[in-house]
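The structure under discussion appears below in the form of structure tokens.
The values are calculated or read from the model by the stated rules, or taken from the named source; none is laboratory data. What you are looking at is a predicted structure, and each value in this text was computed from that prediction instead of being measured. Heads up, the Cβs are rebuilt from the backbone with ideal geometry, glycines too, and the neighbour counts pull from every protein chain shown.
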Amino acid sequence: MEVATSLLNVEKENCIKTFYNIEMAGTDYFHIDVMDGEFVENNTTSQMTEYCEYLNTITRVPLDVHLMVKDVLSYIKSFIIFEPRNITVHYESAKNKEELKDWIKYIKDNNCKVGVSIKPETKVEEIYDLLPYIHTVLIMTVEPGKGGQELIKSTIDKIKILRKYIDDNNIEVDIEVDGGINLDNIKEIKEAGSDIVVAGTCIIKSENMKETIEKLKR
Ligand code: DX5
Ligand code: ZN
């Protein structure tokens, strides 16, 4: 299991030290939660832009960018400059499949991996036809918009359904799970078939980040 640490709840003051500590604790990725105040209520655009600027000067840990925005193409363009490992867009932010495919193509043409994220209420079958073209499906286990929420239990079935479909059809795509993940539910998430987990609060608030990340990975 790989771990992407969400930086949404990292305080700005001495954030550089926090990023260093998270890297030393063994995170595989820094998960960058970009919110525009329209697709979701919060706006983290300037904070996340600043964090990406710092990160690109101090670390080589890959950036896992999660766009929760309405004007997707302009945000893709502003975050592609940080040369992230992947940019993940929301299925629900596209007018139609064509637009989604345009974004997928644009991101791949810029040598960046593509993720598509689905909100808790979106059925996983909706994105089956996109699977051959993307690298990651980001299954939201909370309503996007803020950290520190309780994992929505019913979303775990979506991981199982998607895992079965991917395996039955031999498709090369990662399942990443995001929201409310902690040491109490990680076993269930793992058994459901996820490859990567995003965790914010459970890592940032933990006594020993290294131990927590190791337990999430196990
Ligand atoms: C929510 C974000 C998640 C969230 C994860 O909109 O996409 O990445 O920050 O934080 P926790 O682990 O605290 O739920
Ligand atoms: Zn996220």
Has segment 208-218 got at least one residue that is in contact (Cβ under 8 Å) with a residue 60 or more places away in the chain, more than 16 Å from ligand 2 (Cβ to nearest atom) and of a type in the set (Asp, Glu)?
-> yes
Does residue 179 meet the test of being within 16 Å of ligand 1 (Cβ to nearest atom) and within 24 Å of residue 26 (Cβ to Cβ)?
-> yes
Working only within segment 53-79, note down all residues that are of a type in the set (Val, Ile, Thr) and surrounded by 14 or more Cβ atoms within 10 Å (Cβ to Cβ).
-> 59, 61, 65, 69, 72, 76
Only one of 91, 133 that is farther than 22 Å from residue 199 by Cα, of a type in the set (Ser, Thr, Tyr) and surrounded by fewer than 20 Cβ atoms within 10 Å (Cβ to Cβ) = 133
When (1) surrounded by 22 or more Cβ atoms within 10 Å (Cβ to Cβ); (2) more than 10 Å from ligand 1 (Cβ to nearest atom); (3) farther than 15 Å from residue 3 by Cα are applied to residue 194, the one that fails is (3)
Among 184, 157, which is within 16 Å of ligand 1 (Cβ to nearest atom), modelled with pLDDT of 95 or more and more than 23 Å from residue 32 (Cα to Cα)?
-> 184
Looking at 91, 20, which is the one that is within 15 Å of ligand 1 (Cβ to nearest atom) and among the aromatic types (Phe, Trp, Tyr)?
-> 91
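Each row is one residue, and each column tells you yes or no for (1) modelled with pLDDT of 95 or more; (2) within 12 Å of ligand 2 (Cβ to nearest atom); (3) of a type in the set (Lys, Arg).
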position: 146; (1), (2), (3): yes, yes, yes
position: 151; (1), (2), (3): yes, no, no
position: 179; (1), (2), (3): yes, yes, no
position: 198; (1), (2), (3): yes, yes, no
position: 202; (1), (2), (3): yes, no, no
Across segment 83-98, what is the total count of residues that are away from ligand 2 (no atom under 16 Å from the Cβ) and touching a helix residue (DSSP H, G or I) at 6+ places or on another chain (Cβ under 8 Å)?
-> 3
A careful count of residues in segment 22-40 that are more than 30 Å from residue 192 (Cα to Cα) and touching a residue at least 24 places away in the same chain (Cβ under 8 Å) gives 2
